[in-house]
Amino acid sequence: MSSTTATKSVTIRDLLAKKQAGEPISMLTAYDASFARRIDATGIDTVLVGDSLGNVILGHDTTLPVTVSDMVHHVSAVHRGIQRALLIADMPFLSYSSEATAVHSAQRLLGEGGASMVKLEGGGITVAIVHALCQQGVAVCAHLGLTPQHVHQLGGFRYQGKNDDAQQLMREQALALQAAGASMLVLECVPEAFAGALATELTIPVIGIGAGREVDGQVLVLYDMLGITTGRRPGFSQDFLADSGDVQAALQAYVDAVHQRRFPQAQHVLAK
Ligand code: KIV
């Protein structure tokens, strides 16, 4: 929090209460203080400093080159721009390959960066890492489905959970991550019905990106929803700037559309 805080910050308890009340949770990525300030002014619930900064800020093809120091640099900038939203920081590739490494990385993101929560990709051995972090008092968001740090294992940035076996494995991983102490789950590029059923089964909030309309909240990459991303925009995203005219109006339009369940719509739901 900045020293000029005027309003109460959003906490994980507020997000849980929103899930329980059936109120959609909003999330957007940010990488610098100026955008963070504008995004925070919309009344958004959470801001994620994603390791997507490797793609949209640093120009890499994947998120793999992003380091903890890169993340701390951008998380602390975003932190200076935020007064209200819950700030989440991605733990970059291989920064949580052991419990000790994960605790050290989380210390930097929370202690130096000012984040309130860290996000880790994957199930499997990540479950034990999540448990270790939670035991140390770190708030954790898990991330399943298309996990970009695993791009080479997945054979590309591909839609996930296409069949019953894949969905069953992801469901078991999600339950294990929740049992390990995760406070939230991001679900990326999975079938809408599966995502909705999982959100109903889990007690923690499930935030979707390319996961349809039936989850507890939505996240987009800032540069996708402003139409800045070069190349093909993901089909689950929307260029809010094209319809709004200015940046602040576009940010507000996205947050309002999420809160009022007007985004995503049928055309944003990915076909299998
Ligand atoms: O890195 C990122 O921006 C993310 C979002 C796509 C959820 O993980």
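When both segment 206-232 and segment 1-75 are represented by their alpha-carbon centers, they are found 13 Å apart. Taking every DSSP helix (H) stretch of at least 4 residues in the chain, weighting each as -39,500 (n - 2.57) and dividing the sum by the residue count yields a mean residue ellipticity at 222 nm of -11000 deg cm²/dmol.
Percent relative contact order of the chain, based on C-alpha pairs within less than 8 angstrom and at least six residues apart?
Numbers: 569 pairs, mean separation 48.2, N = 272.
Reported as a whole number, the value is 18 percent.
Highest mobility in the GNM of the chain, judged by mean-square fluctuation with C-alpha springs under 10 Å and restricted to 230, 29, 63, is found for 230. When the square roots of the Cα gyration tensor eigenvalues are ordered a ≥ b ≥ c, the ratio a/c for segment 12-268 is under 1.5, which makes its shape rounded.
Residues 18, 162, 8, 119, sorted by accessible area with the largest first, give 8, 162, 18, 119 [1.4 Å probe; ligands and nucleic acids excluded].
Taking only protein heavy atoms and a 1.4 Å probe, the accessible area of the chain is 52% carbon and sulfur. Using a probe radius of 1.4 Å on heavy atoms only, what accessible surface per residue do you get for segment 12-268? Whole Å² is fine. Per residue, segment 12-268 has an accessible area of 40 Å². Taking the chain as a Gaussian network of alpha-carbon nodes connected by springs under 10 Å, the highest mean-square fluctuation of the residues 65, 205, 92 belongs to 65. Springs between Cα atoms under 10 Å define the GNM used for the chain, and in it the highest mean-square fluctuation of 246, 216, 90 occurs at 246.
The values are calculated or read from the model by the stated rules, or taken from the named source; none is laboratory data. These figures come from a predicted structure and were not determined experimentally. These accessible areas exclude ligands, DNA and RNA; they are computed on the full protein's heavy atoms, side chains included. Shrake-Rupley method; radii C 1.70, N 1.55, O 1.52, S 1.80 Å.
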